[in-house]
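One structure is given below, encoded as structure tokens.
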Amino acid sequence: MKKQLILWLAMIAVALPLSTGCFNNSKSRLSRIIAEANRDCPVNTGIGTFDRIDYVNDTVVFMYTLDNPMMSVDKLKKKKAEARKIFANNLYKGSINQVLQEIVSAGATLRLHIGEVLSTDAIEFGFSKEQLQQAIAAPAKDDDETLLQSEAMMLNLMSPVVVDQYTTIIGGEKSPKAFTYLYTYDDASISSSFLTKEYIQTLKESHARQLVSQMKTPGGKALKTCLQACVNTHRSLSTHYEGEKTGHVFEYSFSPEELSSLISRSSAVVDPDNIINGL
């Protein structure tokens with residue numbers, strides 16, 4: 001998810017070379033960059049839409065609308081410190097650093113405005129000139145380890161999320177050997193005696209099909225990037241379920257080799273009923 005958070009920022013960085021040298025005045029140059037970026041708006045990022053960039057009274061405002069049911073302004077407000085850290089980490093890296101330099105050069109501040117579809121509720125995160133200068137001096141890392149850590153932070157920020165009548169996702173966790181999705185399940189409805197090896201294997205096969213299908217969607221690039229990061233760092237992708245009442249645990253995982261196969265299959269035309277074959 002880290003990548004989907006910065007897709008709209010990367011778009012601005014792409015516009016930067018087009019405007020460099022076009023204006024002598026830094027404010028005019030920044031206005032030009034923003035105008036170039038706004039031509040491509042709105043941009044779907046996977047968890048919402050980057051609507052536009054405003055530049056008023058020496059403040060650059062990124063206007064963003066959440067449209068993913070797993071994320072809400074209310075959740076961001078309840079975990080505001082964590083939310084700010086996630087967005088700040090993804091502002092302060094890579095080619096985005098160039099955009100921050102342009103904002104600082106123009107003597108502007110930065111504000112991120114996040115709203116919702118069909119709601120007036122919103123939250124804002126502000127970044128002062130001093131904070132932007134610090135970010136420019138010490139940009140955040142942009143690698144697979146950081147991506148997976150950001151993914152875990154994002155899952156924890158979004159959680160809890162009711163998946164269906166039986167299961168709820170409660171967060172994510174990065175360990176040296178695995179990236180784990182954490183769930184609880186209704187063990188009052190699902191007896192532990194029902195959770196045979198065969199049934200758990202069936203769940204894994206169904207999950208494999210879902211992963212491939214999701215990677216094929218327009219918003220699937222972020223998922224593919226996350227799975228590739230697991231492969232690159234030799235981690236498994238695990239799902240850990242814990243009973244709400246009994247605490248009974250069951251889990252399954254995809255090895256790096258299995259994930260690599262799923263990523264390849266997401267780019268090919270295959271029979272979805274045979275996704276798990278060859279893993």
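Laboratory data are not the source of any read-out in this text; all were calculated from the coordinates shown. A quick note: this is a predicted structure, and the numbers were derived from the prediction, not measured. Cβ atoms come from the backbone with ideal geometry, glycine included; neighbour counts cover every protein chain shown.
Counting only residues at least eight positions apart within a chain, or on another chain, the lysines with an alpha carbon under 24 Å from that of Lys245 are Lys197, Lys204. Of all lysines in the structure, those lying under 19 Å Cα to Cα from Lys141, and not within fewer than 8 positions of it along the same chain, are Lys2, Lys3, Lys85, Lys93, Lys174.
Each part gets one Cα centre, and for the stretch 26-61 versus the stretch 137-207 those centres are 34 Å apart.
Converting phi to 3J(HN,Hα) with the Karplus coefficients 6.51, -1.76 and 1.60 and the offset θ = phi - 60°, the stretch 156-161 yields 5, 6, 6, 6, x, 10 Hz in sequence order, with x at every glycine or proline.
A straight Cα-to-Cα reach below 14 Å connects Lys78 with the aspartates and glutamates Asp121, Glu124, residues fewer than 8 places away in its own chain not being considered. The distance linking the stretch 228-248 with the stretch 98-113 is 39 Å (Cα centroid to Cα centroid, whole angstrom). The gain in end-to-end length when the Gln214 to Gln201 segment is fully stretched comes to 2.7 nm, 0.36 nm per residue minus the alpha carbon separation. Nearest 5 is fine: what % of DSSP beta bridges in the stretch 163-279 come out antiparallel, could you say? Of all bridge pairs located within the stretch 163-279, approximately 60 percent are antiparallel. Pop a pseudo-label 7 angstrom from the Cα along the beta-carbon direction at both Lys177 and Val162 and give the gap in nm to one decimal. That separation, rounded to one decimal, is 3.6 nm.
Contour minus end-to-end for Lys221 and Glu124, with contour as 0.36 nm per residue of separation and end-to-end as the Cα-Cα distance? Extra length available between Lys221 and Glu124 comes to 32.3 nm.
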